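What follows is calculated from the coordinates using simple rules that are stated; it is not laboratory data. All values derive from a computational prediction rather than experimental measurement. Neighbour counts run over all protein chains shown; Cβ positions are idealised from the backbone, glycine included.
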Amino acid sequence: MPKQDAKLLQGTLDMLILKALSLGALHGFGVGQRIMQMSAEALRVEEGSLYPALYRIEQQGWITSAWGVSENNQRAKFYRLTRAGRKQLQIEEENWERLATAVFKVMQTT
Amino acid sequence: MKAMYWLRLARARLRGLLRKRSVEREMEEELNFHLRMRAAENAQQGMTPDEAERAALRSFGSWARVREACRDVKGGGVVETLIQDVKFGARMLRKHLGFTLVAVLTLALGVGANTAIFSVVNAVLLRPLQYPNAERIVAIQELNEKGSRVQVTPANFLDWRAQNTVFEHLAAIFARTSNLTAGDESERIDLAMTSANFFQVFGVQPQLGRFFVPEEERAGHDAVIVLSYGLWQRRYGGDPSLVGKSIVLDGQPYTVVGVAPAGFQYPDKTEAWIPPFQLVPTISAQMNIERARGFGFLSAVGLLKPGVSVKQAHDEMTAITARLREQYPNTNNNRFNRVVSLQTHLVGESSAALLLLLGAVALVLLIACANVANLLLARATSRQKEIAVRLALGATRLRLVRQLLVESMLVALLGGAVGLLLGWWGVDLMRGLLPVDFPRAQSIGIDLRVLGFTLLVSFGTGIVFGLVPALQSTNPDINESLKESGRDSAGGARRNRVRSLLIVSEVALSLVLLIGAGLLFRSFMRLQSVELGFRPQRVLTFRLAPSGANFRQDPQFSAFYSQVAERIKTLPGVNAVGVINTLPLVKGPTTAFRVDGRPLLTPDKWPGVNYRSVSPDYFRAVNVPILKGRALDAHDDVSAPLAVLVNQSLVLHDFAGEDPIGKRINLGGTRDGQPIWFEVVGVVADVRSLELSTEPTPEIYTSYLQDPFAGMSFVVRSAVEPPSLVPAVREAVRQIDKAQPIAEVREMEQIVSEAASQPRFNSLLLSLFAGVALLLAAAGIYGVMSYSVTQRTHEIGLRMALGAQTRDVLRLIVGQCIRLTLLGLALGLVSAFALTRVMSTLLYGVDPNDVPTFAGGATLLMVVALLACYLPARRATKVSPLVALRYE
């Protein structure tokens, strides 16, 4: 199992969670898993960050939660993106792209 | 009310508690699910279930930390920790009930006093006047060259009105009383003659009918009247058809044109308004227009044009007055003016006293805070280990300070709540104590602003007394505190310094209050022992101002007064009956005068003297001796030459080294171009005519047979208690003329007492506050010294073991107390020296830096301090060396 190397900026984590949820509702564990998958096992979200982030985002109104049944038939809390969350994700993606490009450019300069 | 509040609070608490549980449960379940998933994943990778679970837990990190992090976001956050703190604090307060009680009561005393005084300040100084135009209404005061207020003269008023550009409306008011007759009954009411635009100044709308129109201001117009809402309700049962009907006032019919809205009574207590038929009335034959310019009896209020400031108005009015001084030097030479907001005008001199009292209660509250801070410090010492352990376990200092502050706040709020109750009761008390005619007294009460003030003060005190102990006891010098011998440590010494500082400041603050109270008390005593010059005991007074068709000429008035006096004299128990136009200690008219044969001065240089008209028996009735010459008698009537008595002051002032008897004086009147001369026939002793605090001034007394006033006061000296005479007196007047009501029935002693009511009020309240301060300071000193003795038990035991005697131990403890007290006294004396200056206007016959008062205050405080430390000191001497040493 790869050690988690990338320390995530808080805003980035929120964006990743939103991105993970953009493909459908997930429970907390699933969110962590999805991020790991999408990053090809490069990003591992600590539980100590994941859940506070989920709660925080929920309070922002970008996601909602509801109890449901997991793939292995257990009671689990599922998170779903709201319309506001989708909009937020779009904004954050754009911001991120701009930032990433800018950083990339800086790093390219020799 | 109270029960509802608690019920709501309890319900809210319960809901919070239940909801919180379910939130926690959900969180727990979610995290558990996560763990199970992780374990399952681990198992898939080939771990044993046991291993898988352990690995899952491991990867999860600190379970508690994650939960805490989640709770920070999920739970109430700051609010939740606050609730925790409050719960914890409440538990601590319940556990230390003694401490809580003492602290709450101490604060309640301070907060209560502040609430009561603030409620008065609020009603009198802060609450805006209840008129639609309140912030634009000003009063235009006329002043003499000494800056004292005098009444506005009609001629000047007319010039002001014509020349100013700053007022939308400028109205004149002549406040007087009048006899309102309805059927058989007559009643004396306060009446104001006002210019027609009077109501526009205030912006009020009539309840019924209309107010005046400008034509009604002029002579020859029908007599009209506007009634106050109160009079309309009281006398006419709120009859809506009253408008247009006629009522009888002073024997003349007036048509009611309107009723003022409820609550509108300006000037205070006015029950009806009539327009002036002419602003320059002819009061008697002696009056002419030139003199009218110098004869003031009006007050003026104005409505500023929008955007004009009080200052601008003042500047313009000052310029106009300056012009008038040049134009009419004879009458206006010593007339100045000042424009102030109506509120300032109404409150007048009471504000100085109120602000002083507010300052005083603030000091009391500070002392209360110091005491509670002391208690908290003492308690912090016993909680030192608890706090040190929590600090060591990683609680942040901020968190601990916050928790301790929350506890202080709880105490403060409890104190505030009890204080509010005390204050509520205090407001009632204040209403009873307030001086007569205290401005706006009727509106004193607890309103939202007072509640807000109390809440704010409570929070403030919580921080003031809580912060220092909280910072002190959480000083993160953990090693120091954890050591077993913590109480001898440097931290302990520092705490002791803080405690000593509190004592020193308590002593200093109390001394300031004591000295302030002492000064007021001494000046009040001075006032009480003032040589009045007359004997107020067993004298009944009342006033008659006859009106109607029978009262058109001077002799008719004189005859009526004589008749009444004669009739009352025959009543059983009556010794003497006198009549005077204005009673002593009641403001009265003054007149200019000059002595025959002296070089003629312009009238503005004529000295002013008090102008009184009396019956021959007046001086006997109030026990004022005739010093020289003869008294007035029944022969000094219209057919006799005009006679006058002068008082001792006038003799000293104007006839130094001369015999005044036989000299002729003129009071400004002329007849057929010739001055009217009065002959001085006697000299009477001085009396305090104006105020208790004013030295007797020159005064002349004419005979009421020759020079009666339209309203005069009777003084009835009796062998029985004056109140028992009232029915007989009333009946006697009724028999002579039932249309003339008697008014202002009071005992002379009451008048004297009321003249001192403001100083009495000031001195009473400040003494009360100083007493409370003294008690608190004593309690504070006692507390600190007791604590210090406990703390030094070991040291004392050691000293005794080494041969110290009881005397030495006493000296040790008492010495410490004396050192602190002396320091406080020094500080207090210096502060008092600087502060008492502000109260010099409230003092009479006492220097603001009166040495005996300062010394007395300091001595009293020293004695109290010694008493307070006596018990702890005695306890120190009872220390058994063996026990003290074994303790360690």
Taking the highest mean first, how do the peptides B:456-467, B:722-733, B:654-665 order by number of other beta carbon atoms within 10 angstrom per residue? B:456-467, B:722-733, B:654-665
Once phi for every residue in region B:121-136 is put through the Karplus expression 6.51 cos²θ - 1.76 cosθ + 1.60 (θ = phi - 60°), the whole-Hz ³J(HN,Hα) values, with Gly and Pro written as x, are 4, 4, 5, 8, 9, 9, 5, x, 4, 8, 10, x, 9, 2, 6, 9
Would region B:640-775 count as rounded, prolate or oblate if I go by the C-alpha gyration tensor, calling it rounded below 1.5 in a/c and otherwise prolate when a/b exceeds b/c, oblate otherwise? oblate
Log10 I(q)/I(0) at q = 0.23, 0.24, 0.26 Å⁻¹ for region B:302-370, from Debye over equal alpha-carbon scatterers, is -0.98, -1.01, -1.05
Taking chain A and counting helices only, DSSP H stretches of n ≥ 4 at -39,500 (n - 2.57) each over all residues, the nearest-500 ellipticity at 222 nm comes to -19000 deg cm²/dmol
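Once the convex hull of the alpha carbons of region B:771-850 is built, what does its volume come to per residue, in cubic angstrom?
Values: hull volume 9.0 nm³, N = 80.
Taking only Cα atoms, region B:771-850 has a hull volume of 113 Å³ per residue.
If you scale each eigenvalue of the Cα gyration tensor by 5 and take the root, what three semi-axes come out for region B:145-334, rounded to whole angstrom and sorted largest first?
Over the Cα atoms of region B:145-334, the ellipsoid semi-axes are 32, 20, 13 Å.
Need one number for region B:751-888: average projected area of the convex hull over its C-alpha atoms, nm². Can you show the working numbers first?
Details: hull surface 40.3 nm².
That works out to 10.1 nm².
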Go through B:T702, B:M47, B:V372 and say which Cα lies farthest out towards the positive end of the charge dipole of chain B; charges sit on Cβ, +1 for Lys and Arg, -1 for Asp and Glu. B:M47
Charges at C-beta only: +1 for Lys and Arg, -1 for Asp and Glu. How large is the resulting dipole of region B:185-264 about its Cα centre, in Debye rounded to 20? 180 debye
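Determine the calculated [θ] at 222 nm for chain B from helices alone, applying -39500 (n - 2.57) to every DSSP H run no shorter than 4 residues and normalising by the residue count; nearest 500 deg cm²/dmol. All intermediate terms of the calculation are to be shown ahead of the outcome.
On the way: 28 runs with 468 residues, N = 888.
Helices in chain B give a 222 nm mean residue ellipticity of -17500 deg cm²/dmol.
With an 8 Å Cα cut-off and a minimum separation of 6 or more residues, compute the relative contact order for region B:546-739 in percent. Mind dumping the intermediate values first?
Details: 356 pairs, mean separation 63.4, N = 194.
Dividing the mean separation by the residue count of region B:546-739 yields 33 percent.
Quickly rank B:119-129, B:353-363 as a protection proxy: mean count of other C-beta atoms within 10 Å, highest first.
Working: B:119-129: 18.9, B:353-363: 20.5.
Most protected by this proxy first, the peptides run B:353-363, B:119-129.
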How many percent of DSSP beta bridges within region B:556-695 run antiparallel, rounded to 5? 75 percent
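Which whole-number percent is the relative contact order of chain B (Cα, under 8 Å, 6+ apart)? Each step should come with its number before you reach the end.
Details: 1490 pairs, mean separation 132.6, N = 888.
RCO, chain B: 15 percent.
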If you count, for every residue in B:29-35, the Cβ atoms of partner chains within 10 Å of its Cβ, what is the mean? 6
For peptide B:835-842, the mean count of other chain Cβ atoms within 10 Å per residue Cβ is 0
Euclidean distance between Cα centres, region B:618-671 to region A:31-87, Å: 107 Å
Calculate the dipole size of the protein assembly as shown relative to its Cα centre from +1 charges on Lys and Arg beta carbons and -1 charges on Asp and Glu beta carbons; express the result in debye to the nearest 20. 4020 debye
In whole percents, the bins of 10 Å from zero upward hold the Cα-Cα pairs of chain B as 2, 9, 15, 17, 16, 12, 10, 8, 6, 3, 1, 1, 0, 0
Classify region B:546-739 as rounded, prolate or oblate, taking a ≥ b ≥ c as the square roots of the eigenvalues of its Cα gyration tensor: rounded when a/c is under 1.5, otherwise prolate if a/b is larger than b/c and oblate if not. prolate
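What's the ranking of B:136-145, B:706-715 by average number of surrounding C-beta atoms within 10 Å, highest first?
Details: B:136-145: 20.2, B:706-715: 23.1.
Ranked from most to least packed, the peptides come out as B:706-715, B:136-145.
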Grab the beta carbon distance between B:Q563 and B:V838, set R0 = 60 Å, and tell me the FRET efficiency rounded to 0.05. 0.65
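Looking only at other chains, what is the average number of their beta-carbon atoms within 10 angstrom of each beta-carbon in A:36-49?
Values: counts 0, 0, 0, 0, 0, 0, 0, 0, 1, 0, 4, 13, 10, 3.
Mean inter-chain Cβ contacts per residue within 10 Å come to 2.
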Span from the region B:561-603 Cα centroid across to the region B:426-441 one, whole angstrom: 33 Å
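Rounded to the nearest 0.05, what FRET efficiency do B:V102 and B:R58 have when you use their Cβ-Cβ distance and R0 = 56 Å?
Values: r = 53 Å, r/R0 = 0.95.
After rounding, the FRET efficiency stands at 0.55.
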Kirkwood calc, chain A, C-alpha pairs only, radius in angstrom 14.8 Å
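Please get the size of the charge dipole for chain B, origin at its Cα centre, with Cβ charges of +1 on Lys and Arg and -1 on Asp and Glu, quoted in debye to the nearest 20.
4000 debye
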Within a 10 angstrom radius of the beta carbon, how do B:T859, B:T321 rank from fewest other beta carbons to most? B:T859, B:T321
Sites B:E386 and B:M47, calculated FRET efficiency, Cβ-Cβ separation with R0 56 Å, nearest 0.05: 0.80
Once the piece of chain linking B:R874 and B:Q805 is laid out straight, how much longer is it, given 0.36 nm per residue of separation minus the C-alpha distance between them? 23.6 nm
Which pairs in the list B:K245/B:K738; B:K146/B:K269; B:K311/B:K587; B:K305/B:K587; A:K77/B:K87 are over 28 Å apart, alpha-carbon to alpha-carbon? B:K146/B:K269; B:K311/B:K587; B:K305/B:K587; A:K77/B:K87
Using every alpha carbon pair in the protein assembly as shown, what percent of pairs falls into each 20 Å bin from 0 up to the bin containing the largest distance? 10, 27, 25, 20, 12, 5, 0
